[in-house]
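Just below is one structure, and these are the notes that go with it.
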Amino acid sequence: MRQKSSKSHLSHQLLLGFGISLATVGLTTLGLNYFLIQSKLEKELEQRAQSITQGVGFSAEGLIELGNTSIIKRVVQNYATLPTVVEVAIVSPNRETLARSGSALRNPPYASIHPELTQVLEEASQTGLETSFRTTIDGKPALVAILPFSSTLFGLADRRGLAIAILDAEELQQQAWQTFSTSTFTLLIGMAAILALMTVMIQRVVLHPLQSLNKAVTDRNGLDHFIIPSGLPNNEIQFLAQTIQSAATCVETYQQELRQQAQDLEKAIQELQQAKEVAEAANRSKSTFLANMNHELRTPLNGILGYAQILQRDGATTTKQLKGLGVIQQCGSHLLTLINDILDLSKLEVQKMELYPEDFHLANFLACTVDICGVKAEQKSVEFHYQPAANLPIAVYADDKRLRQVLLNLLSNAVKFTDFGTVTFRVERVGEAPEPDAVQRIRFQIQDTGIGIAPEKLGKIFLPFEQAGNRDRNSEGTGLGLAISQQIIEKMGSTIQVESVLGQGSIFSFELDLIPAADWIVGQAIAQCLKGRIANQKVIGYQGDQRKILAIDDREENRLVVVNMLEPLGFQVAEAGDGQTGLDLAIQMRPDLIITDVCMSIMDGLEMTRRLRQFTDFATTPIIASSATLSQVDIQSSLDAGCSSFFPKPIEFTGLLAELQRLLNLQWIYETELEATQPTVSNADEVARIMVPPAAELAALYAAAQGGFITDIQQEANRLKQLSSEYTVFANRVLELSQQFDDEGILRLIEPQCPKPL
Ligand code: ADP
């Protein structure tokens, strides 16, 4: 649309331009022409007037001298018949009219006939100069020519006779105007012809070729496949068409290149997407593989480590063999740490590691963590300073196990990479004192005066398998600790920061927003006390009537765990393989407590709970939901369905007992001192040989066992073994129990030497 209007503009503009310039030239020519015609006619009129005055003058002069004045009258009359002549007259020096055309009067003074000429006549008579001028006679434009002549007859020296001719100037103007009109008309016709000719020329030579060029472009919607239209004049337009064609060729080439590039790009994106999907699938399979391999690797490792320990305790083992077994055990333990770390990392990579926050006593938690590392620092003669701020919250809500894992990693790194000087652990609140229940930002900072980290390595230490120092020192680690710690802290909503100067030391720190646990003292403290007491003393039964427990789980091994945990304590345990059977069995046997799995095929645990709660008899029966999926959503939906509490799998024995005690209001019967000394291990001789290390050496082991940190327990046991050969049997027993994840057994073993917790 816009193109069309611009096209019509072009032709209009050209014609308008031509029209204006033609009109300007024409009008100027006309004006000039009019002026020239007029001045030419005026000149002609003047010449005519002069020739009349001269003719009349000469004739008058001769005739006066001859004394034949009557002929003068005829002469004058003759001249007066010439065209445009209004009047011819002869005036004597004394101003009398000797002859005047069209008049019979002979002697009246001429000035009385034409008073307006009086002055001019006087001057001409006196000066003797010929003159002609335009004036108005009787209200009409006229040209007056005066020729003075002398005649001796007049006898007047200073005054002359005058020959006067008056011509009609109006006629002159009419003639001029006629000529002008004719030439104007001719000019206009000429101009119109020129304009028409120009229009045709412009159309043919410029506009039509341009239009066909334009059509050639617009018909093809751009420059694609542009072909030069035929019949273009061989001039600039032809050149323009060729330029357009070469531009079109260029554009087409570029377009082809662009299309090719776009195709390449799309292909690359697709390949990248495929590669990403492959990588993600590979990553998922890697994680699944690692999770499976973790189990598969642990089993043979159990054999290796177990038999290394059995052989270490064998009296027939020689010192040389003992040394070799020590190496096997150390390598095995290292491998086990590596497996644990890799599993943690793979869980973090696929976002499967979840946090399980609970209320815990912050000061106890920190003291326990510090104990473990303090012992290591002491062994290396490195000063260890623990500086907790006084205004820390008493208890907080967080995942204590993961937080401990991070702190132990940072603290043990600090001790590991420091040979002289100090390791300082500061815990303080950041910012002003908030409201009592408000979130508090706590800063954890571990500073050491150790070997430090080179600036170029600082960015890499949080990457898996990156170790900054030399190989000797790194042989103890896996290079995974910081990668795992960083991801855990990121999950908690923060990041670990590091500042380090090579040769001077490092500062690792992070800040966490922790929610104070307000009702910790009332609720959780009781549960933790219960758990602590149960953990410290072996429960062998409970007081009162036998209690009936229904275990519902679609996996037999899970049911067996509950049965084997609880039956020896005197509970009557019934089993059901799905929710429906569980429901029927519950109605039939009326258990005192139900432990149910959540996800089951026929009827899940939540549906079973909902239905059971509809019976008034089961309105208050304690139902524990026990699941291996531990997301907050699962926990909440269990409680919403009517479960009394949620208990995670794998089931922790002491925790389960504490929960039973709480829900069934039980009084436990504990193993007496005497019974406790009765060896539970089969080999009584071995028990007799057990030499337990002093309390000071057992602090870290005790803390690790309390926290359930198997890797730390094993490290401590190995350390004790190296401390003295007397502790080998004790350490091996600890290692054996740790292989079975029996922290309870370990606690019982070391309890006589250790301070009571909490
Ligand atoms: P590792 O098991 O090797 O300790 P980490 O992931 O915990 O693995 O640490 C990675 C590397 O970062 C270490 O090998 C060490 O080179 C460096 N590093 C960590 N902490 C410190 C520290 N406090 N001082 C010096 N170097 C450190």
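Some notes on this structure:
- Here's the list of aspartates and glutamates a cross-link from K548 could span, going by alpha-carbon distance under 16 Å and ignoring same-chain residues fewer than 8 apart: E567, E575, D584, D592, D617, E659.
- Partners for K43 among aspartates and glutamates (Cα-Cα distance below 18 Å; same-chain residues under 8 apart left out): E130, D168, E170, E171
- The alpha-carbon of K286 sits under 18 angstrom from the alpha-carbons of these aspartates and glutamates, leaving out residues fewer than 8 places away in its chain: E277, E296, D341, D344, E349.
- For A696, the shell of other residues with beta-carbons less than 15 Å away shows a net charge of -2, using +1 for Lys and Arg and -1 for Asp and Glu.
- Long-range HN-HN contacts of R547 with modeled amide H, under 5 Å: Q572
- Calculated FRET efficiency for the pair Q77/T29, C-beta based, R₀ 35 Å, to 0.05: 0.20
- Flagged links, alpha-carbon separation over 31 Å, of K276/K491; K215/K267; K320/K376; K267/K460: K215/K267; K267/K460
Since every read-out is calculated from the coordinates, none of them should be taken as a lab result. Not measured: the values here are computed from a predicted model. Here Cβ is always computed from backbone atoms with ideal geometry, including for glycine, and neighbour counts include all displayed protein chains.
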